[in-house]
Amino acid sequence: MRISQHGPSAGGAPQSLVILLHGYGSNGEDLISLAPYWERDLPHTLFLSPDAPFGCEIGFGYQWFSLQSWAPLAMLSAAERTAALLNQLIDEQMAEHNVTADHVALVGFSQGTMMSLYVAPRRKEKLAGVVGFSGALLGGESLIGNSTISRCPIHLIHGEMDNIVPVGAWLHASETLRQAGFTVSGHTTPNLAHSIDEKGIHEAGEFLKSVLQP
């Protein structure tokens with residue numbers, strides 16, 4: 001699995017990791033482009049952006065799981081099957097760079113957000129936090145009343161004109177996670193489609209700074 005990297009801008013061994021998970025049909029080089037926006041506030045952070053483990057069924061890029069069916073249960077089942085691979089990646093990078101879970105944050109876009117929101121709560125050790133752009137929460141109802149999950153802070157950002165993952169997914173994720181005891185922040189952006197804008201980049205950076213350098 002190819003992993004694009006950036007930083008730490010201060011040099012030396014990283015004190016924290018930000019792992020960026022791209023969307024369906026994209027690759028790790030896409031999201032690593034966000035790192036230069038955040039490196040000034042996170043000079044001791046290593047940014048890692050892996051390619052998803054499977055070639056994308058549309059003929060280019062990579063996917064975390066198939067989207068031949070958008071049925072919630074089908075996507076949940078597919079995310080469950082990929083979760084072990086993502087957890088292995090996180091564990092390997094933590095071990096390689098000698099960084100503990102409370103200094104690791106996930107940043108996802110679209111399908112990468114779905115994977116981040118599935119994996120982070122189910123990890124044994126609580127991560128520092130999750131940023132989710134333009135994604136959705138799969139299997140969130142199973143988190144409510146669950147005493148075994150890890151409740152890291154979560155920041156969700158979504159465009160109100162998103163025609164790929166409708167903005168209703170932001171409301172569902174935010175409300176379900178709050179019911180499950182998570183601290184959830186974020187916003188929706190008028191006139192924004194399935195993409196990331198400057199406001200979202202800035203707010204995500206502020207969130208990452210707050211959880212990785214409290």
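Rounded, prolate or oblate: which one fits the stretch 142-214, using the alpha carbon gyration tensor with axes a ≥ b ≥ c (rounded when a/c is under 1.5, else prolate when a/b beats b/c, else oblate)?
Judged from the Cα gyration tensor, the stretch 142-214 comes out oblate (a/c at least 1.5, b/c at or above a/b).
Can you run the Rg to Rh ratio on the stretch 90-198? Use alpha carbon positions and the Kirkwood inverse-distance Rh.
0.99
Straight-line reach only, C-alpha to C-alpha below 15 angstrom: list the aspartates and glutamates that K199 could link to, leaving out same-chain residues fewer than 8 apart.
K199 reaches E160.
As a footprinting exposure proxy, order I90, I19 by other Cβ within 10 Å, with the fewest listed first.
In order of increasing Cβ crowding within 10 Å: I90, I19.
Once you order the gyration tensor axes a ≥ b ≥ c over the Cα atoms, which shape class does the stretch 3-212 get: rounded for a/c under 1.5, otherwise prolate or oblate by comparing a/b with b/c?
Verdict is rounded for the stretch 3-212.
Which order results if V131, V167 are arranged by neighbouring Cβ count within 10 Å, fewest first?
Ascending Cβ contact count within 10 Å gives the list V167, V131.
For the chain, what does the helix formula give at 222 nm: sum of -39500 (n - 2.57) over DSSP H segments with n ≥ 4, over the residue count, nearest 500 deg cm²/dmol?
Here the helix-only value at 222 nm equals -10000 deg cm²/dmol.
Rounded to the nearest 5, what % of DSSP beta bridges with both residues in the stretch 16-164 are antiparallel?
Rounded to the nearest five, the antiparallel share is 15 percent.
Can you sort L106, L67 from fewest to most other Cβ atoms within 10 Å of each residue's own Cβ?
Ordered by Cβ neighbours within 10 Å, fewest first: L67, L106.
Bear in mind these aren't lab numbers, they're just calculated from the coordinates by the rules spelled out. Bear in mind that the values here come from a model prediction, so they are computed numbers and not experimental data. Every residue, glycine as well, gets a Cβ built from its backbone with ideal geometry; the counts of neighbours run over all protein chains shown.
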